[in-house]
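Right, one structure below, let's go through it.
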Amino acid sequence: MITAREFFRKVWIVLVDHAGASRFPDEEDRFVFLQARDHVAEYRFGGKLGFGGKFWRNGGRFYVNAYPEDVKAHPAMQVVIDDVNERLERLTREHPEAKEWT
């Protein structure tokens, strides 16, 4: 069984590797700490999704999105969003206990 900290560290790796989130260790530690302890519903990470790039834990799932106007202006963002969301869904299926943290 995976702990919340371990799970959210895996989530951060997905955000870094596939959505361009910051590689600074402090940013990873802050994300993991806030998600594991405070259950933050919305976390702005930016990366390839620009200033509006956010990670969400809402409605029983984890996902990312960006400002609709940015996605409309830069269609490649939708490809990133779809890819990352599929990876987050897969990660959640691999670790069903994560549903408790949505």
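Every number in this text was worked out from the coordinates using simple rules, so none of it is lab data. None of these values were measured; they are calculated from a predicted model. With ideal geometry, Cβ positions are generated from the backbone for all residues, glycine too; neighbour counts draw on all protein chains shown.
Treat every Asp and Glu Cβ in the chain as -1 and every Lys and Arg Cβ as +1, leave all other atoms uncharged, and give the resulting dipole magnitude about the Cα centre to the nearest 20 debye.
Roughly 80 debye for the chain.
In the calculated pair distance distribution of the chain, what percentage of Cα-Cα distances lie above 25 Å? The answer is 13 percent, as a whole percent. Taking a point 7 Å from the Cα of H74 along the Cα-to-Cβ direction, the residues of region 21-57 with backbone N closer than 13 Å to it are 21, 45-54.
Just subtract the alpha-carbon distance of N58 and E6 from 0.36 nm times their residue separation and send over the number in nm, one decimal.
Residue separation times 0.36 nm, minus the Cα-Cα distance, leaves 16.8 nm.
Note on I13 and E42: the extension gain reaches 8.7 nm, defined as 0.36 nm multiplied by sequence separation minus the Cα-Cα distance. Protection proxy ranking, highest mean first, for peptides 85-91, 7-13: 7-13, 85-91, where packing is the per-residue count of other beta-carbon atoms within 10 Å, averaged.
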